[in-house]
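As structure tokens, the structure follows; a few thoughts come after it.
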Amino acid sequence: MYVDISKPPPTLPAPNLTSVSSGVSLLPPLSRNGVGPGIIILTPDSEENLAIKHGVPSPLRKWGEEGYTVIEIQEKAIKSDKDVLKRAILALSQCEKCEPKGVVGLVGQFASFPKFDPG
């Protein structure tokens, strides 16, 4: 498929963040294509999940800009809901912007880990 380069490219979509449950958010891809593969990111608790600080986007926004359909699961949701991953996968499977279906990536990083004492 060829693109008509005599016309300007379509504008990038605005972030359309949807709350799946407490501490769990869904962000469709922030790419011109508008659809993308699913990814679940595990993040520390934050109220600024779409922020850009000092030119660096939050993990949720960064993966959305890379073309992924993103589910962000904050640490508080993992602690309070034993079925949070099941709900996240269900939300991705029901999202029309998530393609292909049935394939999901997982990325995790938490700032608070128990101290290791080699003793």
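Bear in mind that the values in this text are calculations on the coordinates, not laboratory data. Every value quoted in this text rests on a predicted model; they were computed, and no experiment measured them. A quick note on method: Cβ atoms are made from the backbone with ideal geometry, for glycine too, and the neighbour counts reach across all protein chains shown.
Can you give the relative contact order of the chain as a percent, counting alpha carbon pairs under 8 Å and 6+ residues apart? Intermediate values should be presented prior to the final figure.
On the way: 208 pairs, mean separation 36.4, N = 119.
Relative CO of the chain lands at 31 percent.
Taking all Cα pairs closer than 8 Å and separated by 6 or more residues, the relative contact order of the stretch 7-51 comes to 28 percent. Dipole check for the chain: with +1 at the C-beta of Lys and Arg, -1 at the C-beta of Asp and Glu, and the Cα centre as origin, the magnitude is about 80 Debye. Ranked by how many other Cβ atoms sit within 10 Å of their own Cβ, fewest first, the residues VAL103, VAL84 fall in the order VAL103, VAL84.
If neighbour count is taken as other Cβ atoms inside 10 Å, put SER25, SER6 in order from fewest to most. Write out the running numbers ahead of the final one.
Working: SER25 22, SER6 5.
Fewest to most other Cβ atoms nearby, the residues stand as SER6, SER25.
Run through the DSSP bridge list for the chain and note the antiparallel percent, rounded to the nearest 5. Beta bridges within the chain, antiparallel portion: roughly 45 percent. Determine the gain in length on full extension of the stretch GLN94-ILE5; use 0.36 nm per residue of separation and subtract their C-alpha separation, reporting nm with one decimal. Residue separation times 0.36 nm, minus the Cα-Cα distance, leaves 28.6 nm. Each residue in GLU66, GLU96, GLU72 was given a count of other beta-carbon atoms within 10 angstrom of its own, and listing them fewest first yields GLU96, GLU66, GLU72. For Kirkwood radius over Cα pairs in Å, the value calculated from this model appears in (1) 15.4; (2) 18.3; (3) 13.6 under label (1).
Charged neighbours of LYS76, selected by a Cβ distance under 13 Å, balance to -4 (K, R count +1; D, E count -1). Rounded to the nearest 10 degrees, what's the angle between the helix 84-94 long axis and the longest principal axis of the chain, both from Cα atoms, 0 to 90? Roughly 10 degrees, rounded to the nearest 10. Take the Cα of LYS101, go 7 Å toward its beta carbon, and the backbone nitrogen atoms of the stretch 9-50 under 15 Å from that spot belong to 36-38.
Estimate the FRET efficiency between GLU47 and ARG87 by the formula 1/(1 + (r/R0)^6), using the beta-carbon distance for r and 22 Å for R0, to the nearest 0.05. Don't skip to the end; give the middle numbers.
On the way: r = 21 Å, r/R0 = 0.95.
E between GLU47 and ARG87, to the nearest 0.05, is 0.60.
Net charge near PRO57, counting Lys/Arg +1 and Asp/Glu -1 over other residues with Cβ under 13 Å of its Cβ? Each step should come with its number before you reach the end.
On the way: positive: LYS53, ARG61, LYS62; negative: GLU48, GLU65, GLU66, GLU72.
Net local charge, PRO57 excluded: -1.
Please report the net charge: other residues with Cβ closer than 10 Å to the Cβ of THR43, K and R +1, D and E -1. All intermediate terms of the calculation are to be shown ahead of the outcome.
Values: positive: none; negative: ASP45, GLU72, GLU75.
That sum, taken over residues with Cβ under 10 Å, equals -3.
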